[in-house]
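Read-outs: derived from the displayed coordinates by stated rules, not from any lab. Values in this document were obtained by computation on a predicted structure and should not be read as measured data. FYI the Cβ positions are ideal-geometry reconstructions off the backbone, even for glycines, and counts take in every protein chain you see.
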Amino acid sequence: MRGSVVITGGGTGGHLKVADAFIEEFNKRGIPVIFIGSSNGQDKQWFENDKRLKATYFLDTKGVVNKNAFGKVTSILNIISKTNYCLGLFSKYNVKTVISVGGFSAAAATFASIVKLDCKLYIHEQNSVMGTLNKVTSKFATEVFSSFIKTSIIKDYPVSNEFFDLGRIRDKVNTVAFFGGSQGAIAINNFALKLAPKLNDMGINIIHQAGKNDYHRVKEEYAKLNIDADVFDFSKEIPLKMQKADFAVSRAGASTLWELCANCLPTFFIPYKHAAGDHQFYNAKDLKDKELCFLQREEELREEEFFNAINSDIHDISKRLTSSINSNVVALICNIIVQNNKK
Ligand SMILES: CC(=O)N[C@H]1[C@@H](OP(=O)(O)OP(=O)(O)OC[C@H]2O[C@@H](n3ccc(=O)[nH]c3=O)[C@H](O)[C@@H]2O)O[C@H](CO)[C@@H](O)[C@@H]1O
């Protein structure tokens, strides 16, 4: 393959997990990868000391959406200056391929790839509703990959093989896991604490990812209830946590959603209502329409719906989830990118 590959984007775990899948695949193929993210958000935490990367750059960039006019102008001027900086990096590392996984961290390197005429841009859009940056830049992309866009040549999500390898068909609910997404979700934490006494009485174990900000409160609440739950703020072992569970309650962030599918874990989704364009609701709606999950909006949450769900035919759902997503997707996408690079 000619030159180095730049992977850009991030902000939150959903984008970064996809970036990680690409880094892993190119690294296996011996192709040098440079990560360009932001110093704001979780990018540094994920990749700052990653030995698989030839170089990492964390630029001081922030989002443009949801800002007043002055904030928008300042952010745009900053992106222009950082785009120029990225062009310098592209020359230094002979970059011919840029893969954007979206989020505000991706803006500068994505624009630089559009300006640099001998550089191809690829976008991975995770969500059912396209993010603002991707809406603007997708017309310049060689390919846009998405599990939701009908025209995507690979219509699957890059999920690590671990989730497939540790998947199993569920029969009976002995353990329920609660997942709030990379940052945790107070609404899911409160719902879990409300359900916990009854679950405990039913002899059902609890696994609970509470998020950094709410972890101590949640841990204390379980202690007050005298319930021995597996509570953590953030874990690198989500595949193992999913493997242990027979049913999940989760936000509908795209990476988590497809990981749950790969793991064949029946799930009750509670989408984050402020997600841009309500995309978390629509991420899960496709599965709901196929009766492959349960879906309730935060403001309509009822315990009764949850208990009906865990008492339904979870074996059937779990079995049908096996054909909801294919493995090795990142390898297929990388094959296309490598092929195009030779042209
Ligand atoms: C609030 C918001 O706007 N969230 C968006 C964000 O979600 P968020 O960042 O929460 O992303 P996802 O739910 O898609 O993914 C979270 C990722 O972090 C991993 N994980 C999570 C918890 C943990 O303890 N350990 C761990 O490794 C999960 O396995 C998963 O791979 O990006 C997603 C992908 O664009 C979007 O669909 C979400 O709507």
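Tabulated results
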{"quantity": "When each of K82/K135; K54/K82; K62/K120; K120/K343; K28/K54 is checked by Cα-Cα distance, pairs over 18 Å", "calculated": "K82/K135; K54/K82; K62/K120"}
{"quantity": "17 Å cut-off, amide nitrogen to a point 7 angstrom out along N213 Cα→Cβ, residues in region 1-15", "calculated": "11-14"}
{"quantity": "Whole-Å semi-axes of the ellipsoid equivalent to region 58-142 (Cα gyration tensor, √5λ, descending)", "calculated": "21, 17, 9"}
{"quantity": "Stretchable slack from N341 to I114, in nm (0.36 nm times residue separation minus alpha-carbon distance)", "calculated": "80.2 nm"}
{"quantity": "Using alpha carbons only: equivalent-ellipsoid semi-axes of region 162-321, gyration tensor based, whole Å", "calculated": "21, 18, 16"}
{"quantity": "For region 1-51, radius of gyration divided by Kirkwood radius, i.e. Rg to Rh on alpha-carbons", "calculated": "0.96"}
{"quantity": "Cα-based shape type of region 1-119, given that a ≥ b ≥ c are square roots of the gyration tensor eigenvalues and the cut on a/c is 1.5", "calculated": "oblate"}
{"quantity": "Estimated FRET transfer efficiency when R0 is 35 angstrom, pair E304-A223 (beta carbons, to 0.05)", "calculated": "0.80"}
{"quantity": "Residue of V144, V64, V33 that the Gaussian network model of the chain assigns the largest fluctuation, springs spanning Cα pairs under 10 Å", "calculated": "V64"}
{"quantity": "Environment charge at K62 (Cβ cut-off 11 Å; Lys +1, Arg +1, Asp -1, Glu -1)", "calculated": "+2"}
{"quantity": "Length-normalised contact order of the chain in % [C-alpha pairs under 8 Å, at least 6 apart]", "calculated": "17 percent"}
{"quantity": "Ratio Rg/Rh [Cα only; Rh per Kirkwood] for the chain", "calculated": "0.99"}
{"quantity": "Between region 123-139 and region 270-343, the Cα center-to-center distance that results, in Å", "calculated": "18 Å"}
{"quantity": "Candidates K135, K224, K198, ranked by Gaussian network fluctuation over the chain, Cα under 10 Å, top entry", "calculated": "K224"}
{"quantity": "Inter-probe distance in nm under a simple model that places probes 7 Å from Cα toward Cβ, at N190 and N49", "calculated": "3.8 nm"}
{"quantity": "Expected 222 nm ellipticity per residue - DSSP helices of 4 or more, -39500 (n - 2.57), all of the chain, to 500", "calculated": "-13000 deg cm²/dmol"}
{"quantity": "Pair D286, N66: separation of 7 Å Cα→Cβ label points (nm)", "calculated": "2.4 nm"}
{"quantity": "Prolate/oblate/rounded call for region 259-343, Cα gyration tensor, a/c under 1.5 rounded", "calculated": "oblate"}
{"quantity": "Net charge of neighbours whose Cβ lies under 13 Å from the Cβ of G184, counting Lys and Arg as +1 and Asp and Glu as -1", "calculated": "+2"}
{"quantity": "Charge sum, other residues only, whose C-beta stays under 10 Å from V98's C-beta, Lys/Arg counted +1 and Asp/Glu -1", "calculated": "+3"}
{"quantity": "Neighbour-limited loop hits for trypsin sites (Lys or Arg not before Pro), region 37-123 (at most 16 other Cβ within 10 Å; DSSP other than H, G, I, E, B)", "calculated": "K51, R52, K54, K67"}
{"quantity": "Within a Gaussian network of the chain (alpha carbon springs, distance under 10 Å), most fluctuating of T74, T56, T267", "calculated": "T74"}
{"quantity": "Rounded, prolate or oblate (a/c below 1.5 giving rounded, otherwise prolate when a/b exceeds b/c) for region 108-228 by Cα gyration tensor", "calculated": "prolate"}
{"quantity": "S323-K92 pseudo-label distance in nm [points 7 Å out on the Cα-to-Cβ vector]", "calculated": "5.1 nm"}
